[in-house]
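The values are calculated or read from the model by the stated rules, or taken from the named source; none is laboratory data. All figures in this text were calculated on a predicted structure; none of them were measured in a lab. Because the Cβ atoms are built from the backbone with ideal geometry, glycine has one as well, and the counts that use them run over all protein chains shown. We work out accessible area using only protein heavy atoms, side chains counted, and drop any ligands, DNA or RNA first. Shrake-Rupley method; radii C 1.70, N 1.55, O 1.52, S 1.80 Å.
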Amino acid sequence: MAKSRPRTENTFMKKILIIGIGAGNPDYITMQAVKALNRTDVFFLMDKGQSKDKLIDLRREICQTYIDAGHAYRFVEADCPERVRGEIDYTTAVQDLNRDKQQTFERMINEQMADGEVGAFLAWGDPALYDSTIRILQAILASGSCTFEFEVIPGITSVQALAAQHKVPLNRIGRSIEITTGRRLAAGQVGDADTLVVMLDAEDSYRSVADQQLDIYWGAYLGTPDEILISGKVAEVADEIERVRKAARQANGWIMDTYLLRKP
């Protein structure tokens, strides 16, 4: 059997870590993530406006909690580009947003990192699920505008946190599960999975399946002190979820919610 070669690192090349920090609870940080935090020289924070200051504050809290006192590090903040909304193709809008982010990331890496330093982006949840940091860094490397190595450290997603907080398994024995978006649910573009997990739903799309006798397990701000949980038949709790969701968005200026739909 062929032996795998040990991984070698260029100590003079910039290194980027994409660290999954979980769905909101600082205790969701893995030991691998803690070790990665303690390798990092500079943390890149994307400022999404005053209403989302809590997201920046949580990242700072995580660093303060888990980084050893003797390890020196710094933060570099940049304004996060916003996606154009309204009458525009969604895919095109996201591609334009990622292009704008790419320019911001390139500038920070080129101007704020020295050769041999380690930089990190702290990704909410897991970097591989509905997060574009990986593809943005790949695009930067493909463009040749920066030279660096990067690693991905997985994190606990809102999907896992949702199931844990509601005390339900994500799948039933021998049954399928699908993860999709509110946009696709509203358009009827979903498969025949026994369990459906819906993310990125800005339009209360669960209402589109209220006549199907589905159970819903809904959660917002999972893992945080603001956490809200509601469950029941969609037809019976849809009004409550919409009311609570609207009030929470107004109170906090933003909302992150996820829900699971399951056939009876």
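Nearest 0.05, what FRET efficiency do Asp27 and Arg175 give at R0 = 30 Å with Cβ-Cβ as r? Don't skip to the answer; put the middle values down first.
Working: r = 30 Å, r/R0 = 1.00.
Efficiency, from the Cβ-Cβ distance: 0.50.
Computed packing ranks the peptides 64-75, 13-24 as 13-24, 64-75, most packed first, by mean other Cβ atoms within 10 Å.
In nm, what is the difference between 0.36 nm times the number of residues separating Ala114 and Arg74 and their Cα-Cα distance? Intermediate values should be presented prior to the final figure.
Working: separation 40, 0.36 × 40 = 14.40 nm, distance 1.29 nm.
Extra length from Ala114 to Arg74 when fully extended: 13.1 nm.
The dipole here belongs to the chain: it is taken about the Cα centre, uses +1 on the Cβ of Lys and Arg and -1 on the Cβ of Asp and Glu, and is about 620 debye. Can you work out the FRET efficiency for the pair Glu203 and Thr104, with r the C-beta to C-beta distance and R0 = 25 Å, to the nearest 0.05? Computed FRET efficiency for Glu203 and Thr104: 0.35. Between Asp53 and Ala247, the modelled label-to-label distance comes to 2.5 nm, taking each label 7 Å out from Cα in the direction of the beta carbon.
Segment 101-139 and segment 21-48 have Cα centres spaced 13 Å apart.
As a test of the formula, what do you get for the chain when each DSSP H run with n ≥ 4 contributes -39,500 (n - 2.57) and the sum is divided by the residue count, at 222 nm and rounded to the nearest 500 deg cm²/dmol? List each step's numbers first, then the result.
Numbers: 7 runs with 88 residues, N = 264.
About -10500 deg cm²/dmol.
Over the chain, accessible surface divided per residue gives 54 Å², non-protein components excluded, 1.4 Å probe.
Measure up Lys54/Lys246; Lys54/Lys263; Lys54/Lys233 against 26 Å on the Cα-Cα distance and list the ones that go over.
On the way: Lys54/Lys246 19 Å; Lys54/Lys263 35 Å; Lys54/Lys233 32 Å.
Those over the limit are Lys54/Lys263; Lys54/Lys233.
Counting only alpha carbon atoms, the long axis of helix 90-112 and the longest principal axis of the chain meet at about 30°.
Which of rounded, prolate, oblate describes the chain, given a ≥ b ≥ c as roots of the alpha-carbon gyration tensor eigenvalues and a/c under 1.5 marking rounded, otherwise prolate only if a/b is larger than b/c? Because a/c hits 1.5 or more and a/b exceeds b/c, the chain counts as prolate. The angle between the Cα long axis of helix 234-252 and the main principal axis of the chain comes to about 40°, on a 0 to 90 degree scale. Take the Cα of Met13, step 7 Å toward its Cβ, do the same at Ile134, and the gap between the two points is 1.9 nm. Asp89 exposes around 90 Å² of accessible area when a 1.4 Å probe is run over every protein chain in place.
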